[in-house]
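Working notes, structure below.
The values are calculated or read from the model by the stated rules, or taken from the named source; none is laboratory data. Note that this is a predicted model, so its numbers are computed, not measured. Reconstructed Cβ throughout: ideal geometry from the backbone, glycine too, with neighbour counts over all protein chains shown.
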Amino acid sequence: MKRKFKITLLALIAIGIALLAVGLMLRADIPILNPKGWIGVKERRLLIISTLLMLIVVVPVYFLAWYIAWKYREDNTKAKYDPTVDNNILLEAIWWGVPGVIILVLSVYTLQGCRELDPFKPLDSEVKALTVQVVALEWKWLFIYPDQGIATVNYMRIPKDTPINFKITADAPMNSFWIPALGGQIYAMPGMSTKLHLIADEVGSYKGLSANLSGMGFAGMTFIAESTTLEDFDAWVQSVKAAPSGLTDQVYKQLVEPTINNPVALYSLQVQGLYDQIVMKYMER
Amino acid sequence: MSSAAEVVHSRTVYGFWVYLMTDCILFGVLFATFVVLHPNTYNKELFSLPFVLAETLILLVSSFTCGFLPGAMRENNRHKALFWFAVTFLLGAAFVTLELTEFTKLVREGNSWQKSGYFSGFFTLVGTHGFHISVGLLWMIVLMAQIGFRGFNDANIKRVDCFRLFWHFLDVVWIFIFTFVYLLEAM
Amino acid sequence: MLGRLTLEALSQDPIETTANVFSLVAAIFIIGLLFYKHRWGWLWKEWLTTLDPKKIGVMYMIVAGAMLFKGIVDALLMRAQQVTAIGDAQGLLDPLHYQQIFTAHGTTMIFFVGMGIIFALMNLMIPLQIGARDVAYPFLNALSFWLFAAGAMLVIISLAIGKFSATGWVAYPPLSGLKYNPGVGVDYWIWSVQIAGVGSLMSGINFFVTIFKMRCPGMTLMKMPIFTWSIIGALVLILFAFPILTATVTMLALDRMLGMHFFTPDFGGNPMMYINLIWAWGHPEVYILILPAFGVFSDVVSTFSRKPLFGYTSMVWAIIAITFLSYIVWLHHFFTMGAGANVNAFFGIMTMIIAVPTGVKVFNWLFTMHKGRISFSTPMLWFLGFAFTFTFGGMAGVLLSIAPVDFQVHNSLFLIAHFHSVIIGGVVFGFFSCFTYIFPKITGFKLNEKLGRYAFYCWFFGFLAAFLPLYLLGLMGATRRLDRYDAGQGWEPLFWVAAFGVVLIACGLGFQILQLLVSVKQRDQNRDTTGDPWDGRTLEWATSSPPPVYNFAIIPDGRARDAFWVHKESIKNGVIPKKPIYEDIHMPKNSPIPMYLGVLAFVFGFALVWHIFWLAGLSFLAILGCTIYRLSDDHPEYTITAKEVEQMEAKR
């Protein structure tokens, strides 16, 4: 009886935790499960498919573990005790084979997914892409819009349904550029230029952050990526261009200095080719 | 050697082989890093091939002279062993001296390990080999002292065999260094 | 004169000061106890100079246990920060301090708890399981322990003098380079890891030769206990992987000390090379940690189900497959570095393939239990806990191996939840299972069962509360190593549950400490007089508890799998064992030199951290001197005559 009580207690606690989790999930914002851009949607799809495929093996494991432990416990004299059984070719074939097949299927999805969702691969879209150059600094993000002639710190606005071609570098230790609601991340490294291609499917305001420790002010490296209609985007670009602050080489030098919890800043772009200069700075020496 | 001592001898030599394989991996990492950090251009003037050839020959000959040690041990000839040890030591010391000369020259002309990733890789890879050779030199002195004062016994025969493996291994590593660091650069 | 060491290094904040006072008080207490009980001679002779692997194993466990305590305190502090540093509040700790704590937490847990545990188990179980009297190189074995202890000491001393690294436990450059971290922190990390790493490599060589060259007659490879096989897997991984660590950490040290440019972003350096190299070591490292745990469970499940292990051959091949595969998956630690679709796909697929042999092992354990007669003593409870948590963590691992999915969860709390699931569920639970299992063999009495159960329940439910919320937090966009976060994202309640979980785990640890104290007090009631308290199957149970210094007076016959079980069955069937004929036994003499070398290594590392170069040079010369002295000792053994052996055996 004591055993049954314990197991029931365990089960109740487990259910309780599960309910708590579900409850929390319904109220909270879970960007990776509720992506707002189709890259994120595809990544989520892979997540769900692979989880389901694995459950084919995991559910029987959990069931067997519970059942076998229960049935063959010492004080269950009804269960048969057979210490001579230590091998079974058929069973071995099943548990080498079935997971093997599942992994094979998963491998196909993986290969497909890697190619389709390669961060360096431009998106398939008839809409003309917008280029945003991203520079990770200590401890803020600089966004340069070379074609629009503006630059911003810790805030980025993009038009919805438009593919964004990010080019990413750092003038700081290694960081990782990540907007969870729109899709996966990629490292921002000094002296290197990585690429990311994302798109926002709806109007909204999304949090971005750095996903790699880069020093004292790392936790404050959050930014907002706001996707708006094309009209709102163009209007915003014009207003920033008219902004009093300009991003010159001098201003940039100041930006490179370490600061924490930077407020949003908007600049009109007064230099050409800043991004390439930043990357080359590390190559030339 | 008694059978118990033979067991210990073979067990020690086996383990020493395993250690040498791990050392191989260590050098492998240094080689890989050297290759990755190598710039796209090659600098023919950087090394003097005749100089490096001299180093190589010295090391090869020292491996050869080291090969006379088992014979001396079998004959229980202390003096013969000490002689060949001394020759090997002198050759090894010559190698290290030449290598230090080369390093000094490079530093003097501004190509120190602080100059670039390539030079960091070069000095570390070649320097690690040189460090191992230096350890070998110290080892030889200790062995010469032990054999000189105590003659041959199970314990130091075991050590001499391990030393020989070490010394030949370093020779093999040097062949790779000679080829991939020096020859490739100069050609 | 003292390099860059100044009095300022001694100024620490309140939390560190508390830790230092605690350590000091504990040290004074222990020293006082030794004086009071006049045990200095005993300590010197029986422990500090011993070359007996059984004692060395206990010492590893003591150090690993102390470091586990520290690691859990780190975890408590981290969780306290996570529930207080919301919005504009700084929380309990300033950012740099928090970053030091999680760096120390990771470094401590992997290098000094994880590696300490597995070397403890190797020392305690391998010679006994293979029917040998000792390891291949007893002196080297002791030296490995003292180097391990020296590395641990460097981490501990950083609490009092200076600061520890704040770059994360793998210390990625450029952050760990001179430009961004010129202080002593990263250097402490470098030398503690380097010194402990050398010790690990030595043990790798030692136990590899021991298993391949010193098995008792008749014990072919396919007759060995599965624990021994799993250790072979771990040893092969150590032999290949640790040289990579040594070389890589050396290069980082050269960057920092001699201004080299291996991993600087400029002057032709390549930080990505560090990341590749450190994970080429790092991935095998985690399999080094888990394989012995798998081995433990194989032995525990078969013993406590009273059945031979199901599918022995299959299990051996699974170990070999896992060992081999773990060399070709390292890139999955940085899919997001941009290697390209085909490269990412290759490493991802190789990673998920490992799930197959791992799953095979789980099924074989379950079918070992099937048609068995299962006793649910604590070792089996830990196995069930493992089965639950590790499976879940493994599933998360396969999810992470799919690069596009990883792009969203890399470096998030989802990743943290995954690796804690497999390391705590696997390595830690495996160790606790083994600890209860072999405790009577080593000490001669059993542990208190009831307290063991309480500890298990605390750890198990504590683990669930502490880490299940983290899977969710990762999906909510919470990255790792954040010292504060914005309010209103729905993260706080989950962090509270997680904090509660760590408190529960700490209670579990508390129960374990209590269990030790109570068991020592109750030892006469729980004596193991037969040497075989669990009706075991393998050779270690054929000795007394504790075994004599030479393990076996007569080298056993290893011709059967589960050799001891077969021996017991044959006696039940009326076979009369032959009268033993004793021979002289040669055992290694004690030596204080491994301890001296450990102390000197600590001084060497400390001196390099603080740039006290004359001290570094001096300690290096002293190390050379001790080494030469030892290598000139032609008679390191003593003999126990056959008569003495007979007398010792009669007393048992």
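C:Leu289 fails exactly one of the following numbered conditions: (1) more than 7 Å from chain A (Cβ to nearest Cβ); (2) closer than 30 Å to A:Phe177 by Cα; (3) out of contact with any Phe, Trp or Tyr (no Cβ under 9 Å at 6 or more places or on another chain); (4) crowded, with 23+ Cβ neighbours inside 10 Å. What is the number of that condition?
Unmet condition: (2).
I'd like to know if the stretch A:72-79 contains one or more residues that are of a type in the set (Gly, Ala, Ser), surrounded by 14 or more Cβ atoms within 10 Å (Cβ to Cβ) and more than 7 Å from chain C (Cβ to nearest Cβ). Explain how you work it out, then say what you get.
Initial filter on the stretch A:72-79 (of a type in the set (Gly, Ala, Ser)): A:79.
Next, only the ones that are surrounded by 14 or more Cβ atoms within 10 Å (Cβ to Cβ) stay: A:79.
Next cut, more than 7 Å from chain C (Cβ to nearest Cβ) only: A:79.
Yes, some residue in the stretch A:72-79 is of a type in the set (Gly, Ala, Ser), surrounded by 14 or more Cβ atoms within 10 Å (Cβ to Cβ) and more than 7 Å from chain C (Cβ to nearest Cβ).
Taking the condition surrounded by fewer than 24 Cβ atoms within 10 Å (Cβ to Cβ), among the hydroxyl-bearing types (Ser, Thr, Tyr), within 24 Å of C:Ile110 (Cβ to Cβ) and more than 7 Å from chain A (Cβ to nearest Cβ), does C:Thr323 pass?
Working: surrounded by fewer than 24 Cβ atoms within 10 Å (Cβ to Cβ): yes; among the hydroxyl-bearing types (Ser, Thr, Tyr): yes; within 24 Å of C:Ile110 (Cβ to Cβ): yes; more than 7 Å from chain A (Cβ to nearest Cβ): yes.
The answer is yes for C:Thr323.
Within the bounds of the stretch B:131-150, is there any residue that is within 20 Å of the chain's Cα centre (by Cα), more than 25 Å from C:Cys626 (Cα to Cα), modelled with pLDDT of 95 or more and of a type in the set (Gly, Ala, Ser)?
Step one: list which residues in the stretch B:131-150 are within 20 Å of the chain's Cα centre (by Cα), which gives B:131-144.
Then drop every residue that is not more than 25 Å from C:Cys626 (Cα to Cα), which leaves none.
No.
For the stretch C:623-652, which positions are charged (D, E, K, R), touching a residue at least 12 places away in the same chain (Cβ under 8 Å) and in contact with a helix residue (DSSP H, G or I) (Cβ under 9 Å, 6 or more places away or on another chain)?
So the first thing to find is which residues in the stretch C:623-652 are charged (D, E, K, R), and the list is C:630, C:633-634, C:637, C:643-644, C:646, C:649, C:651-652.
Add one more test, that the residue is touching a residue at least 12 places away in the same chain (Cβ under 8 Å), and what stays is C:630, C:637, C:643, C:646, C:649, C:652.
Scanning the stretch C:623-652 gives a single hit, C:Arg630.
Which of the residues belonging to the stretch C:249-267 are at the interface with chain B (Cβ under 7 Å from one of its Cβ atoms) and either buried (at least 21 other Cβ atoms within 10 Å of the Cβ) or of a type outside the set (Gly, Ala, Ser) (or both)? Don't jump to the end; show me each part of the working.
Initial filter on the stretch C:249-267 (at the interface with chain B (Cβ under 7 Å from one of its Cβ atoms)): C:251, C:254, C:258-262, C:267.
C:Met251, C:Leu254, C:Leu258, C:Met260, C:His261, C:Phe262, C:Phe267, listed by residue number.
Just need a number here: residues in the stretch A:242-285 that are within 14 Å of chain C (Cβ to nearest Cβ), of a type in the set (A, V, I, L, M, F, W, C) and closer than 12 Å to A:Asp171 by Cα.
4
Tell me whether the stretch C:211-228 contains one or more residues that are more than 16 Å from the chain's Cα centre (by Cα), buried (at least 24 other Cβ atoms within 10 Å of the Cβ) and either aromatic (Phe, Trp, Tyr) or at the interface with chain B (Cβ under 9 Å from one of its Cβ atoms) (or both).
No, there is no match, as no residue in the stretch C:211-228 is more than 16 Å from the chain's Cα centre (by Cα), buried (at least 24 other Cβ atoms within 10 Å of the Cβ) and either aromatic (Phe, Trp, Tyr) or at the interface with chain B (Cβ under 9 Å from one of its Cβ atoms) (or both).
For a quick check of your reading of the model, give me the residue pairs whose first member lies in the stretch C:319-348 and is under 18 Å from A:Lys195 (Cβ atoms), whose second is aliphatic (A, V, I, L, M) and buried (at least 21 other Cβ atoms within 10 Å of the Cβ), with beta-carbon atoms closer than 6 Å and at least 6 apart or on different chains.
Pairs found: C:Phe334/C:Ile275; C:Phe335/C:Ala403; C:Thr336/A:Ile186; C:Gly338/A:Ile186; C:Asn344/C:Ala403.
Going through A:Leu20, A:Leu12, A:Leu52 one at a time, which residue ends up being at pLDDT 75 or above, of a type outside the set (Val, Ile, Thr) and part of a helix (DSSP H, G or I)? Before you say what the answer is, go through the steps one by one.
Values: A:Leu20 fails: at pLDDT 75 or above; A:Leu12 fails: at pLDDT 75 or above.
That would be A:Leu52, the only listed residue that is at pLDDT 75 or above, of a type outside the set (Val, Ile, Thr) and part of a helix (DSSP H, G or I).
Considering only helices (runs of 4 or more DSSP H) fully contained in the stretch C:54-167, which possess at least 3 residues that are surrounded by 22 or more Cβ atoms within 10 Å (Cβ to Cβ) and more than 14 Å from every other protein chain (Cβ to nearest Cβ)?
C:115-129, C:138-160
With the requirement that a residue be part of a helix (DSSP H, G or I), within 29 Å of C:Arg4 (Cα to Cα), more than 14 Å from every other protein chain (Cβ to nearest Cβ) and not aliphatic (A, V, I, L, M), what does the stretch C:589-638 give you? Explain how you work it out, then say what you get.
To start, the set of residues in the stretch C:589-638 that are part of a helix (DSSP H, G or I) comprises C:593-609, C:613-631.
Filter once more, keeping what is within 29 Å of C:Arg4 (Cα to Cα): C:595-609, C:613-626.
Adding the requirement that they be more than 14 Å from every other protein chain (Cβ to nearest Cβ) leaves C:595-609, C:613-619, C:622.
C:Tyr596, C:Gly598, C:Phe602, C:Phe604, C:Gly605, C:Phe606, C:Phe613, C:Trp614, C:Gly617, C:Ser619 - these are the residues of the stretch C:589-638 that are part of a helix (DSSP H, G or I), within 29 Å of C:Arg4 (Cα to Cα), more than 14 Å from every other protein chain (Cβ to nearest Cβ) and not aliphatic (A, V, I, L, M).
From the set of residues in the stretch A:191-206 that are assigned to a strand (DSSP E or B) and within 22 Å of C:Val405 (Cα to Cα), which is nearest to the other protein chains (Cβ to nearest Cβ)? Reasoning before the result, please.
Filtering the stretch A:191-206 for residues assigned to a strand (DSSP E or B) gives A:194-198, A:204-206.
Still in the running and within 22 Å of C:Val405 (Cα to Cα): A:194-198, A:206.
Values: A:Thr194: 5, A:Lys195: 8, A:Leu196: 9, A:His197: 12, A:Leu198: 11, A:Tyr206: 9 Å.
Checking each candidate, the answer is A:Thr194.
Identify, by number, the condition in (1) within 25 Å of the chain's Cα centre (by Cα); (2) surrounded by 24 or more Cβ atoms within 10 Å (Cβ to Cβ) that C:Ile328 doesn't meet.
(2) is the only condition that C:Ile328 fails.
Mind listing whichever residues of the stretch A:46-71 are facing chain C (nearest Cβ under 7 Å) and in contact (Cβ under 8 Å) with a residue 24 or more places away in the chain?
A:Leu46, A:Ser50, A:Met54, A:Val57
Given C:Pro580, C:Pro588, C:Pro548, which one is in contact with an Asp or Glu (Cβ under 9 Å, 6 or more places away or on another chain) and at pLDDT below 85?
Working: C:Pro588 fails: at pLDDT below 85; C:Pro548 fails: at pLDDT below 85.
Step by step, each of C:Pro580, C:Pro588, C:Pro548 is checked, and only C:Pro580 is in contact with an Asp or Glu (Cβ under 9 Å, 6 or more places away or on another chain) and at pLDDT below 85.
For residues that are within 12 Å of another protein chain (Cβ to nearest Cβ) and surrounded by fewer than 18 Cβ atoms within 10 Å (Cβ to Cβ), scanning just the stretch C:490-516, find the one that is modelled with the lowest pLDDT.
Across the stretch C:490-516, the extreme among qualifying residues is C:Gly490.
Given the conditions (1) surrounded by fewer than 18 Cβ atoms within 10 Å (Cβ to Cβ); (2) in contact (Cβ under 8 Å) with a residue 40 or more places away in the chain; (3) in a helix (DSSP H, G or I), which single one is not true for C:Ile571?
Failed condition: (2).
Being facing another protein chain (nearest Cβ under 7 Å) and without any contact (Cβ under 8 Å) to a residue 60 or more places away in the chain is the filter here; which residues of the stretch C:377-404 pass it? I'd like the intermediate steps shown before the answer.
If we filter the stretch C:377-404 for residues that are facing another protein chain (nearest Cβ under 7 Å), which is where we start, we get C:384, C:387, C:391, C:395, C:398-399, C:402-404.
The answer is C:Leu384, C:Ala387, C:Thr391, C:Met395, C:Val398, C:Leu399, C:Ile402, C:Pro404.
Before we move on, is C:Val645 over 30 Å from C:Val186 (Cβ atoms), touching a strand residue (DSSP E or B) at 6+ places or on another chain (Cβ under 8 Å) and part of a helix (DSSP H, G or I)?
On the way: over 30 Å from C:Val186 (Cβ atoms): yes; touching a strand residue (DSSP E or B) at 6+ places or on another chain (Cβ under 8 Å): yes; part of a helix (DSSP H, G or I): yes.
Here the answer is yes, as C:Val645 does meet what is asked.
For (1) in a helix (DSSP H, G or I); (2) at pLDDT 95 or above; (3) within 12 Å of another protein chain (Cβ to nearest Cβ), each residue gets a yes or a no:
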site	(1), (2), (3)
C:Val427	yes, yes, no
C:Phe431	yes, yes, no
C:Ile442	yes, no, no
C:Ala455	yes, yes, no
C:Trp459	yes, yes, no
C:Leu464	yes, no, yes
C:Pro469	yes, no, yes
C:Leu472	yes, no, yes
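List pairs: first in the stretch B:149-174 and under 20 Å from B:Gly71 (Cβ atoms), second modelled with pLDDT of 95 or more and of a type in the set (Phe, Trp, Tyr), Cβ under 8 Å, 6+ apart or cross-chain?
B:Cys162/B:Phe16; B:Phe163/B:Trp139; B:Leu165/B:Phe16; B:Leu165/B:Trp17; B:Phe166/B:Phe16; B:Phe166/B:Trp139
Does the stretch B:27-44 include one or more residues that are touching a Pro at 6+ places or on another chain (Cβ under 9 Å), more than 30 Å from C:His635 (Cα to Cα) and crowded, with 18+ Cβ neighbours inside 10 Å?
First pass over the stretch B:27-44, keeping only residues touching a Pro at 6+ places or on another chain (Cβ under 9 Å): B:27-29.
From what is left, the residues that are more than 30 Å from C:His635 (Cα to Cα) are B:27-29.
Right, trim to crowded, with 18+ Cβ neighbours inside 10 Å and you get B:27, B:29.
Yes, that holds for at least one residue.
Hey, can you tell me all the residues within the stretch B:1-56 that are in a helix (DSSP H, G or I), over 16 Å from B:Phe180 (Cα atoms) and among the polar types (S, T, N, Q)?
Residues satisfying the conditions are B:Ser3, B:Ser10, B:Thr12, B:Thr22.
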